[in-house]
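The values are calculated or read from the model by the stated rules, or taken from the named source; none is laboratory data. Keep in mind it's a predicted model, so treat the numbers as computed, not measured. Positions of Cβ are backbone-derived with ideal geometry, glycine not excepted, and every protein chain shown enters the neighbour counts. Heavy atoms of the whole protein, side chains included, go into the accessibility calculation; ligands, DNA and RNA do not. Shrake-Rupley method; radii C 1.70, N 1.55, O 1.52, S 1.80 Å.
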Amino acid sequence: MHQSHHSGRPRFAAVAICLSLAAPALRAYGQSADAKPDPRPNVLFAFADDWGRYASAYAKLQPGGPSDVVKTPHFDRVAREGVLFTNAFVNAPSCTPCRSSILSGQYFWRTGLGAILQGAIWDESIPSYPLILRDGGYHIGHTYKVWSPGTPRDAPYGGREYAYVRRGGHLNQFSQFVSRNPDHEAAKQQVFEEVLGNFRDFLAEREGRPFCYWFGPTNTHRKWIQGSGLELWGINPDDLKGKLPPFLPDVPTVREDFADYLGEAQAFDASLGVLIEELERIGELDNTILVVSGDHGIPGFPRGKCNLYDLGVGVALAVRWPGRVPGGRVLEDFVTLPDLAPTFLEAAGLKPPEVMTARSLMGVLTSDRNGLVDPSRDYAVVGRERHVAAARTDCLPYPQRALHTKDFLYVRNFKPDRLPMGTGPGFGAPDEPLPTYEELRENTFAAFADMDASPSKAWILTHRDDPGMDRYMDFAFGRRPAEELYDLNKDPHGMQNVAGDPSYDAVLRRLSERLTSILRETGDPRVTGDGTTFEQPPYAGPLPARKKK
């Protein structure tokens with residue numbers, strides 16, 4: 001009996017799972033039968049690397065986009081039985097600073113060297129919600145990626161001491177592992193068994209405590225196998241015709257690349273189903289705050305990862321907690337993921353540290369209203385500093401901050417002379433032949449290193465001289481002015497900058513002043529002091545040489 005490639009539900013009854021529990025559930029998970037249970041809720045955060053706002057639950061709200069062709073039944077269940085957010089954003093569209101902000105409950109620019117990707121070092125004086133929960137009596141643990149690249153790895157979550165990965169990590173290379181196995185369905189089940197085994201290993205050490213678990217697979221991060229979306233999940237690239245953002249070329253290569261990414265999102269969703277099913281089996285699902293999201297937008301596509309446009313910073317977010325969070329609601333409140341840190345602490349009965357700049361979502365979550373619950377949640381502030389160190393000359397960042405609102409997107413580019421995705425031949429680097437298609441597809445550092453290597457990146461660059469390609473090249477790699485303003489009611493994809501239009505002068509001034517005020521109030525080094533902190537070592541400049549072992 002095999003699972004259909006259209007299904008996201010792992011059928012464990014169809015396979016022999018060698019991880020079956022021989023003892024009753026309480027004893028197997030480290031809780032004696034006479035132990036007095038801690039009534040506080042468990043916390044489970046399922047957090048997919050590079051997963052933007054793509055789920056079938058969103059297709060029902062905003063049809064006509066890529067979510068039309070993806071099937072995410074387990075995310076949809078969380079949204080249906082809990083709340084679905086339509087305006088959730090990361091604070092930074094780069095892995096390490098994004099995670100620094102979530103774990104600390106602060107804007108990324110307040111986390112020291114946690115504000116950059118390559119060269120990141122965690123400051124252990126910064127409080128992080130997992131360690132606060134640990135010290136407050138929670139059993140904490142994580143599987144796969146938490147905080148990296150950075151030193152020490154996963155430091156805000158207690159490091160590798162709290163890692164549960166011994167059953168395997170093939171989910172992180174899902175399409176590679178499954179594609180090379182002739183029996184795709186058997187390979188999928190092996191992956192799901194590893195997910196289950198790691199989770200059970202974590203639960204086995206609870207000792208009667210409530211738990212805090214971070215599930216962080218990286219399969220939605222590049223690379224994945226070309227054609228795997230169709231082969232493994234039945235996602236036909238042609239079904240994406242007319243559904244891609246208009247700043248992307250609607251051509252077979254780009255559609256297939258996007259379809260393969262959505263296939264990885266379905267693999268993540270199937271793994272989420274494994275965790276939900278296990279919580280149901282042991283009777284813990286309804287006493288668990290279950291939060292599902294991703295750590296920024298799609299990689300290897302123009303305006304996605306490493307960009308402050310919606311494709312780069314907009315993410316899926318659903319929260320389920322029966323009994324406390326009324327279900328079946330769709331919320332329009334603006335949320336940035338750092339808000340989760342004080343939310344988790346408040347739910348556990350712990351006071352968030354005053355240093356946390358994020359705001360707890362408990363008031364929004366426990367309301368019974370739809371739409372905009374808290375009128376003060378009408379914006380999200382996002383930004384970026386350095387991603388790939390060598391992306392541009394002298395290993396400098398591309399500093400940006402932006403303010404997202406319902407009606408407008410305002411972006412401030414502090415160094416408009418620099419190239420947002422880094423240099424390439426003829427673009428800030430010597431005018432010589434571009435790398436080959438294969439090099440651009442496989443090697444992020446070949447050119448424009450702040451955009452991941454991908455078939456889409458390679459196609460755009462190798463077709464740059466074709467008629468009509470100028471606009472796509474500009475959207476992807478061109479310089480940007482000091483200020484950008486987009487009227488999202490007239491221009492939902494943010495393609496027409498109206499910052500220079502006199503009729504928008506008042507809006508531009510109002511949003512600029514509001515952003516500046518927030519940055520100053522929160523001590524952003526870009527607008528405090530002499531504004532050069534992020535331009536100097538160790539935030540910029542060549543990376544230190546690695547020590548030889």
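Please verify whether region 479-489 includes one or more residues that are more than 19 Å from residue 397 (Cβ to Cβ), open to solvent by 60 Å² or more (accessible area, probe 1.4 Å), modelled with pLDDT of 95 or more and within 26 Å of the chain's Cα centre (by Cα).
Going through region 479-489, the residues more than 19 Å from residue 397 (Cβ to Cβ) turn out to be 485-489.
From the residues that got through so far, the ones that are open to solvent by 60 Å² or more (accessible area, probe 1.4 Å) too are 489.
Keeping just the survivors that are modelled with pLDDT of 95 or more gives 489.
From what is left, the residues that are within 26 Å of the chain's Cα centre (by Cα) are 489.
There is at least one residue in region 479-489 that is more than 19 Å from residue 397 (Cβ to Cβ), open to solvent by 60 Å² or more (accessible area, probe 1.4 Å), modelled with pLDDT of 95 or more and within 26 Å of the chain's Cα centre (by Cα).
For region 338-356, name all the residues that are buried (at least 22 other Cβ atoms within 10 Å of the Cβ) and of a type in the set (Val, Ile, Thr).
Correct list: 343 only.
Restricting to region 104-157, name every residue that is of a type in the set (A, V, I, L, M), open to solvent by less than 10 Å² (accessible area, probe 1.4 Å) and part of a strand (DSSP E or B).
Hit for region 104-157 is 140, nothing else.
Only residues in region 515-526 that are on the phi < 0 side of the Ramachandran plot count as the first member; pair them with residues that are open to solvent by 20 Å² or more (accessible area, probe 1.4 Å) and assigned to a helix (DSSP H, G or I), Cβ under 6 angstrom, at least 6 apart or cross-chain, and list the lot.
Every condition considered, the pairs that remain are 525/533.
Suppose the filter is out of contact with any Pro (no Cβ under 6 Å at 6 or more places or on another chain), closer than 21 Å to residue 101 by Cα, modelled with pLDDT of 95 or more and not charged (D, E, K, R); does residue 371 pass it? Steps first, please.
Details: out of contact with any Pro (no Cβ under 6 Å at 6 or more places or on another chain): yes; closer than 21 Å to residue 101 by Cα: no; modelled with pLDDT of 95 or more: yes; not charged (D, E, K, R): yes.
No; evaluated as a whole, the condition is false for this residue.
Scan region 435-445 and tell me whether some residue there is without any contact (Cβ under 8 Å) to a residue 40 or more places away in the chain, among the hydrophobic types (A, V, I, L, M, F, W, C) and surrounded by fewer than 17 Cβ atoms within 10 Å (Cβ to Cβ).
No, because not a single residue in region 435-445 is without any contact (Cβ under 8 Å) to a residue 40 or more places away in the chain, among the hydrophobic types (A, V, I, L, M, F, W, C) and surrounded by fewer than 17 Cβ atoms within 10 Å (Cβ to Cβ).
Can you tell me which of (1) in contact (Cβ under 8 Å) with a residue 24 or more places away in the chain; (2) of a type in the set (A, V, I, L, M, F, W, C); (3) open to solvent by 10 Å² or more (accessible area, probe 1.4 Å) is the one residue 177 doesn't meet?
With (1) in contact (Cβ under 8 Å) with a residue 24 or more places away in the chain; (2) of a type in the set (A, V, I, L, M, F, W, C); (3) open to solvent by 10 Å² or more (accessible area, probe 1.4 Å) applied to residue 177, the lone miss is (1).
Can you name the residue in region 402-427 that is charged (D, E, K, R), touching a residue at least 60 places away in the same chain (Cβ under 8 Å) and part of a loop (DSSP other than H, G, I, E, B) and, of all such residues, is most open to solvent (accessible area, probe 1.4 Å)? Explain how you work it out, then say what you get.
Looking only at region 402-427, we keep the residues that are charged (D, E, K, R), and these are 406-407, 412, 415, 417-418.
From what is left, the residues that are touching a residue at least 60 places away in the same chain (Cβ under 8 Å) are 406-407, 412, 417-418.
Those left that are additionally part of a loop (DSSP other than H, G, I, E, B): 406-407, 417-418.
Values: 406: 143, 407: 55, 417: 101, 418: 35 Å².
If we take residues in region 402-427 being charged (D, E, K, R), touching a residue at least 60 places away in the same chain (Cβ under 8 Å) and part of a loop (DSSP other than H, G, I, E, B), then 406 is most open to solvent (accessible area, probe 1.4 Å).
Which of the residues spanning region 42-63 are open to solvent by 10 Å² or more (accessible area, probe 1.4 Å), modelled with pLDDT of 95 or more and either among the hydrophobic types (A, V, I, L, M, F, W, C) or in a loop (DSSP other than H, G, I, E, B) (or both)? Steps first, answer last, please.
Taking region 42-63 and keeping what is open to solvent by 10 Å² or more (accessible area, probe 1.4 Å), we get 53-54, 56-57, 59-63.
With modelled with pLDDT of 95 or more added as a condition, the list becomes 53-54, 56-57, 59, 61, 63.
Correct list: 53, 54, 57, 59, 61, 63.
Among the residues of region 300-326, which ones are within 22 Å of residue 461 (Cα to Cα), open to solvent by 10 Å² or more (accessible area, probe 1.4 Å) and aromatic (Phe, Trp, Tyr)?
Residue satisfying the conditions is 309 alone.
Regarding region 269-278, can at least one residue be identified that is surrounded by fewer than 24 Cβ atoms within 10 Å (Cβ to Cβ), more than 24 Å from residue 449 (Cα to Cα), small (Gly, Ala, Ser) and touching a helix residue (DSSP H, G or I) at 6+ places or on another chain (Cβ under 9 Å)?
The answer is yes, given that some residue of region 269-278 is surrounded by fewer than 24 Cβ atoms within 10 Å (Cβ to Cβ), more than 24 Å from residue 449 (Cα to Cα), small (Gly, Ala, Ser) and touching a helix residue (DSSP H, G or I) at 6+ places or on another chain (Cβ under 9 Å).
Of the numbered conditions (1) in contact (Cβ under 8 Å) with a residue 12 or more places away in the chain; (2) open to solvent by less than 50 Å² (accessible area, probe 1.4 Å), residue 493 fails exactly one; give the number of that condition.
(2)
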